[in-house]
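J.: Starting off with a structure, shown below.
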Amino acid sequence: LTFSRPPVSCPMVPAGRLLLLAGVALAHWKPSQRHIVANQTDASVALKGDENVRTGIFVFAAPFSGSTAMLQLLMSAGVQTQCRNLKWECEEFRAYDDPHMPVMKKLEVVAGNWDLGMGKDHALLFHKVGIPNAWTLGAEDSSFKHILEKRPLPEAFTKHGINEIDAHVILLWQPHCLHNYLSSHGARPDKEYIEFHQTFLNAERVLRERGMDVTVVNFGDLIFKPDHVNQQLAHIPNLPKLDFDFVPTLGKDIFVENEFKAQGSIADYAIHVKQHEAAKHYNAELGTCLDAMTNPVQKLESELARMSS
């Protein structure tokens, strides 16, 4: 895989406000009591016989932290992405005329980039990148909040008989040593890692308390433990086995306008990483970097690694 830089950065909450805002939103946010936790060991059971429900996947990841690799893997399993929006990296928010447009309009925009007539066997990827912050969880124009609270869907969905989205959250985090050596964005200051990781830990706890299905995935496992990642995500309905040898087809899976930065398969990229300097600073078995536990970043990543194991 090779990577390029984006023309526009992903919208972010100003540093220093992220943890406070997220904590306030998480403390007050509650999904509808109608939500049923989807932790079945046999994913085929979850949506059996219910043609009005579709599987919806929300991936949260810090910018430049492996979300494109996760997108490619979900694509390999037949998940419908937003690549038909012809925007950079298939990111859904780039297709919005206004980032604060009404949520029903946002949902109409994303629906227009899927073939909703394909049937319920194809999961829908609603969100590819971003931090689960206060806006994501609490704002009335957040499609994530709208879906989790089981609010009515626009006609773009209902005309296909889709009245409800069964939401599944993937929290994708990246160990700092892998990011520092591999990301086209370059190294981050420790303060950023701490803010991102703490926000993910808070989101995981509160979403589970509210009955949501949440899976914490370590980017390092995409490289060193692909079978483990498949096991982690096997419970999501309508998500077949991920293919780490999959390469997107131009004109079918991705388009020139997407400026898709990944070239080749995840398996090919893994070979490169294992020979890279980054591998010398990472313990693949533990899922953490080799820093001392006195490093506050390392402490948080050890907790995330435990959740990902």
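The values are calculated or read from the model by the stated rules, or taken from the named source; none is laboratory data. From a predicted model like this one, the values you see are computed outputs, not experimental measurements. Here the Cβ positions follow ideal geometry from the backbone for every residue, glycine too, while neighbour counts run over all protein chains shown. Remember, those area values only see protein heavy atoms, side chains included, never the ligands or the DNA or RNA. Shrake-Rupley method; radii C 1.70, N 1.55, O 1.52, S 1.80 Å.
J.: Can you give the extra length, in nm with one decimal, that the chain gains between W88 and E140 once fully stretched, where that is 0.36 nm per residue apart less the Cα-Cα distance? Please report the intermediate quantities before stating the final value.
T.: On the way: separation 52, 0.36 × 52 = 18.72 nm, distance 2.56 nm.
Residue separation times 0.36 nm, minus the Cα-Cα distance, leaves 16.2 nm.
J.: Just by accessible area at a 1.4 angstrom probe, what is the order of K128, K150 from largest to smallest?
T.: Working: K128 5, K150 30 Å².
Accessible-area ranking of K128, K150, largest first: K150, K128.
J.: I'd like the Karplus ³J(HN,Hα) series for the range 88-103: coefficients 6.51, -1.76, 1.60, θ = phi - 60°, whole numbers in Hz, and an x wherever there's a Gly or Pro.
T.: 4, 6, 6, 7, 5, 5, 6, 8, 7, 5, 9, x, 10, 5, x, 4
J.: Next question. How big is the gap, in Å, between the Cα center of the range 140-160 and the Cα center of the range 198-213?
T.: So the separation of the two Cα centres works out to 21 Å.
J.: I'd like the FRET efficiency for K274 and E155, computed as 1/(1 + (r/R0)^6) with the beta carbon distance as r and R0 of 41 Å, rounded to 0.05.
T.: Details: r = 49 Å, r/R0 = 1.19.
So the FRET efficiency works out to roughly 0.25.
J.: With a ≥ b ≥ c taken as the square roots of the eigenvalues of the C-alpha gyration tensor of the range 243-296, please select rounded if a/c is under 1.5 and otherwise prolate if a/b is larger than b/c or oblate if it is not? Could the numbers behind the result be given before it?
T.: On the way: a/c = 3.34, a/b = 2.49, b/c = 1.34.
It comes out prolate by the Cα gyration axes.
J.: Now a separate question. Under the classification rounded if a/c is under 1.5, otherwise prolate if a/b is larger than b/c and oblate if not, where does the range 159-210 fall, given a ≥ b ≥ c as square roots of the Cα gyration tensor eigenvalues?
T.: Numbers: a/c = 4.10, a/b = 1.93, b/c = 2.12.
Here the range 159-210 falls in the oblate category.
J.: At a threshold of 8 angstrom on Cα-Cα distance, excluding pairs fewer than six apart, so keeping six or more, what relative contact order does the range 129-168 reach in percent?
T.: Working: 20 pairs, mean separation 10.3, N = 40.
Taking the mean separation of contacting Cα pairs over the length of the range 129-168, I get 26 percent.
J.: Taking the full set of protein chains and a 1.4 angstrom probe, give the accessible area of D243 in square angstrom, rounded to the nearest 10.
T.: About 70 Å², rounded to the nearest 10.
J.: Pairs of Cα atoms under 8 Å, at least six residues apart: use those to get the relative contact order of the range 150-304, whole percent.
T.: Numbers: 143 pairs, mean separation 43.6, N = 155.
For the range 150-304, the relative contact order is 28 percent.
J.: Also, quick follow-up: Assuming 0.36 nm per residue, please report the length gained on full extension of the stretch N295 to A267 beyond their Cα-Cα distance.
T.: Details: separation 28, 0.36 × 28 = 10.08 nm, distance 3.11 nm.
Stretched fully, the N295-A267 segment lengthens by 7.0 nm.
J.: Give the shape of the range 150-309 as rounded, prolate or oblate, defined through the alpha-carbon gyration tensor: a ≥ b ≥ c are the square roots of its eigenvalues, a/c under 1.5 means rounded, and otherwise the shape is prolate if a/b is larger than b/c and oblate if not.
T.: Working: a/c = 1.94, a/b = 1.30, b/c = 1.49.
In terms of gyration-tensor shape, oblate.
J.: Let me ask another. Given a 1.4 Å probe, how much area per residue of the range 140-179 is accessible, in Å²?
T.: Accessible area per residue: 28 Å².
J.: Straight distance only, please: which lysines reach the Cα of K105 with their own Cα at less than 27 Å, same-chain residues fewer than 8 apart left out?
T.: K105 reaches K30, K87, K120, K128, K145, K150, K159, K252.
J.: Separate question: Would you mind calculating the gained length between D50 and H228 on full extension (0.36 nm times residue separation, minus the Cα-Cα distance), in nm to one decimal? Don't jump to the answer; show the numbers that get you there.
T.: Numbers: separation 178, 0.36 × 178 = 64.08 nm, distance 2.94 nm.
Between D50 and H228, full extension yields 61.1 nm more.
J.: Leaving ligands and nucleic acids out of the surface, order R306, R151 by accessible area at 1.4 Å, largest first. Please report the intermediate quantities before stating the final value.
T.: On the way: R306 135, R151 75 Å².
Sorted descending by solvent-accessible area, the residues read R306, R151.
J.: Here is a further query. Under a 1.4 angstrom probe, counting protein chains only, how are H179, H276 ranked by accessible area, largest first? Working shown, then result.
T.: Details: H179 0, H276 50 Å².
I get H276, H179, largest accessible area first.
J.: Mind grabbing the accessible area of E285 for me, 1.4 Å probe, Å², rounded to tens?
T.: Accessible surface of E285 is approximately 140 Å².
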